[in-house]
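Asker: To start, I am sharing the structure in question, which I have written as structure tokens.
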């Protein structure tokens, strides 16, 4: 299983001075939630970790190799990303979209085999979109498209899952289903690192939390140490009340 590290990483947020250097280790079995206000750099961080944006300074290390030195195919076999928003460049069915996840594992000009088709079908079923496999992606609702994107990542089957707002557009039932699936993947040895707006999802499902402040400050650690009212009130500039229900913390605006 792969491990993702940052070494004195400062992400490049335009118009902001250098922030606090990030020295994180995202390990197999961990589920990370990244919390912060709008503009704090959550999406920028995720894209930097995926090698899609350059860092202002520092570096990202995948296992023992600097990410910048690795080939994209090698990265894609170990690390996958679900974007917050996406555009459909070409008409494609749901099944064709899910099968994109197998591309890092195929040789040039090699077609998908029965095992690839089976992986995609199982992933679509896990996200409750297998009945839509012949539909064009462009005809789906926002929530259905989001679940297809996560199914595509599941089909890709990398060791490290990066997700930007994985519950975006989802109804309550599918929010729970997706978060449960991500937790299950971590229990299978994957490392999950996701940006979230709902801190109660982080409180319910994450083992570790990274708090990104608007001024570039950051702190991180086990969820129970990070998810305390004092830190969260400073993060969101909003007074909060912490409630306990069946041993779980729930945060509501004061």
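The values are calculated or read from the model by the stated rules, or taken from the named source; none is laboratory data. Everything quoted here is computed from the prediction, not taken from an experiment. With ideal geometry, Cβ positions are generated from the backbone for all residues, glycine too; neighbour counts draw on all protein chains shown.
Asker: Filter region 12-41 for residues that are under 21 Å from residue 76 (Cα atoms) and not in a strand (DSSP E or B); which is nearest to the chain's Cα centre (by Cα)? Step through it out loud before you land on a result.
Answerer: So in region 12-41, the residues under 21 Å from residue 76 (Cα atoms) come out as 24-32.
The next check asks that each one be not in a strand (DSSP E or B); those that pass are 24, 27-30.
Numbers: 24: 15, 27: 14, 28: 14, 29: 14, 30: 12 Å.
In this case the residue turns out to be 30.
Asker: In region 52-66, what count of residues is obtained for those that are crowded, with 16+ Cβ neighbours inside 10 Å and closer than 13 Å to residue 160 by Cα?
Answerer: 2
Asker: Please work out which residue is surrounded by the fewest Cβ atoms within 10 Å (Cβ to Cβ), limiting yourself to region 179-196 and to residues that are touching a residue at least 60 places away in the same chain (Cβ under 8 Å) and either in contact with a helix residue (DSSP H, G or I) (Cβ under 8 Å, 6 or more places away or on another chain) or within 17 Å of residue 249 (Cα to Cα) (or both). Reasoning before the result, please.
Answerer: Residues of region 179-196 that are touching a residue at least 60 places away in the same chain (Cβ under 8 Å), as a first pass: 182-183, 186-187, 189-196.
Still in the list and also either in contact with a helix residue (DSSP H, G or I) (Cβ under 8 Å, 6 or more places away or on another chain) or within 17 Å of residue 249 (Cα to Cα) (or both): 182-183, 192-196.
Working: 182: 23, 183: 16, 192: 27, 193: 24, 194: 25, 195: 24, 196: 24.
Ranking the candidates gives 183 first.
Asker: Identify, from the list 38, 23, the residue that is modelled with pLDDT under 95 and under 18 Å from residue 195 (Cα atoms). Don't jump to the end; show me each part of the working.
Answerer: On the way: 23 fails: modelled with pLDDT under 95.
Step by step, each of 38, 23 is checked, and only 38 is modelled with pLDDT under 95 and under 18 Å from residue 195 (Cα atoms).
Asker: Quick one: is residue 135 over 18 Å from the mean Cα position of the chain (by Cα) and at pLDDT 95 or above?
Answerer: Yes, satisfied.
Asker: Let me ask something additional. Scan 26, 34, 13 and give me the residue that is in contact with a helix residue (DSSP H, G or I) (Cβ under 9 Å, 6 or more places away or on another chain), surrounded by 13 or more Cβ atoms within 10 Å (Cβ to Cβ), within 23 Å of residue 105 (Cβ to Cβ) and touching a residue at least 12 places away in the same chain (Cβ under 8 Å).
Answerer: Selected residue: 26, the only one of 26, 34, 13 that is in contact with a helix residue (DSSP H, G or I) (Cβ under 9 Å, 6 or more places away or on another chain), surrounded by 13 or more Cβ atoms within 10 Å (Cβ to Cβ), within 23 Å of residue 105 (Cβ to Cβ) and touching a residue at least 12 places away in the same chain (Cβ under 8 Å).
Asker: Now for a different question. Applying the selection to region 165-178, what residues are assigned to a helix (DSSP H, G or I) and either crowded, with 22+ Cβ neighbours inside 10 Å or touching a helix residue (DSSP H, G or I) at 6+ places or on another chain (Cβ under 6 Å) (or both)?
Answerer: Result: 178, single match.
Asker: Residue check: is residue 162 in contact with a strand residue (DSSP E or B) (Cβ under 6 Å, 6 or more places away or on another chain), outside any loop (DSSP other than H, G, I, E, B) and under 21 Å from residue 36 (Cβ atoms)?
Answerer: So residue 162 fits the description; yes.
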